[in-house]
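Structure first, then comments.
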Amino acid sequence: MLTIAGYDLPHLVWEDSETVTLRGTRNRDGAAVRVRLLRKPHPDEAERTAWQDSLKRLHGARHEGREQLLGVEPFGATEALVLHDDGKQPLAQLLAAGAMEIGRALTLARELAIVLTDLHHGRQTHGGLSAASVWVDAAGQTVALAHAAADPRFRAPEQWDGGVQRVDARSDLYALGILLHHMLTGQPPFAAADPVELAHAHAARRPADPRTVRPEIPPAIVAMLGRLLAKPASERYQT
């Protein structure tokens, strides 16, 4: 188990290929905390830069849409983030149980859209939105953005082309569409294990109508998903 001096962190909340998030208390005052850190205490320069850039973007979000940072602690050649533990968990954990009730999925999508709007108004783009980078409260009504390993299942077509097309706010809206599809049907529209096949799906394949899995999804929601998941960024919602 990873340890940080001055903290009792017995609970693993989430881990992926890049990060680990632990839950516990701060010894000096008993404050409930989450501590997030890179798996590697000595990341290479590219990994460290990506971590720091991600944190700058996330803390450009409005207060309600970001985790409350209490401080940082040294961890190898980088820092561990000490966050107020408000009980949130990654959306990925909720989705492990399958599709959500439609009203709950739409509430979360609306809250995430509000947070993204504020981020974009600050001329920032998340660029790595996924089920692991969205943290949700126990009631499933408020969200916060976090750093997580990139998940190619949520990557917009323009994020696969090596920088030929510009990645901007519309790329985040594509990822929002993937998340909403996942919440409504229990699975993302494209989930091939082979990265070449997955890239082709995002670039050229039309997502299946979610009503083939869940017929009760309203037509207006299906139309909204179609707009969010348009292949050309110019055909998506622009804000």
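Below, the figures for the structure above:
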{"quantity": "Qualifying position, being at pLDDT below 95 and of a type outside the set (S, T, N, Q), among ALA150, ALA230, ALA220", "calculated": "ALA150"}
{"quantity": "Selection status of VAL143, modelled with pLDDT under 95, aliphatic (A, V, I, L, M), surrounded by fewer than 20 Cβ atoms within 10 Å (Cβ to Cβ) and at negative phi", "calculated": "no"}
{"quantity": "Test: residue in the range 198-211 that is within 21 Å of VAL134 (Cβ to Cβ), in a loop (DSSP other than H, G, I, E, B) and over 20 Å from the mean Cα position of the chain (by Cα)", "calculated": "yes"}
{"quantity": "Residue under evaluation ILE178, criteria (1) surrounded by fewer than 24 Cβ atoms within 10 Å (Cβ to Cβ); (2) more than 23 Å from VAL13 (Cα to Cα), criterion not met", "calculated": "(1)"}
{"quantity": "Residue satisfying condition, being among the aliphatic types (A, V, I, L, M), surrounded by fewer than 19 Cβ atoms within 10 Å (Cβ to Cβ) and modelled with pLDDT of 90 or more, within set ALA77, ALA105, ALA92, ALA96", "calculated": "ALA96"}
{"quantity": "Residue count, the range 151-175 (criterion: of a type in the set (A, V, I, L, M) and buried (at least 19 other Cβ atoms within 10 Å of the Cβ))", "calculated": "4"}
{"quantity": "Selection within the range 72-89 - touching an Asp or Glu at 6+ places or on another chain (Cβ under 9 Å) and within 18 Å of ALA139 (Cβ to Cβ)", "calculated": "HIS84, ASP86, GLY87, LYS88, GLN89"}
{"quantity": "Inter-residue pairs, beta-carbon under 9 Å, first open to solvent by less than 50 Å² (accessible area, probe 1.4 Å) and in the range 34-51, second of a type in the set (A, V, I, L, M, F, W, C) and in a helix (DSSP H, G or I), 6+ apart", "calculated": "LEU38/TRP51; PRO43/ALA50; PRO43/TRP51"}
{"quantity": "Matching residues in the range 191-221 - criterion: being surrounded by 15 or more Cβ atoms within 10 Å (Cβ to Cβ) and in contact with a Pro (Cβ under 7 Å, 6 or more places away or on another chain)", "calculated": "LEU198, HIS202, PRO207, ILE217"}
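The values are calculated or read from the model by the stated rules, or taken from the named source; none is laboratory data. For clarity, every value in this text was computed on a predicted model and none was experimentally measured. Counting neighbours? That spans all protein chains shown, and the Cβs are built from the backbone with ideal geometry, glycine included. In case anyone asks, the SASA skips ligands and DNA or RNA and just uses the protein heavy atoms, side chains included. Shrake-Rupley method; radii C 1.70, N 1.55, O 1.52, S 1.80 Å.
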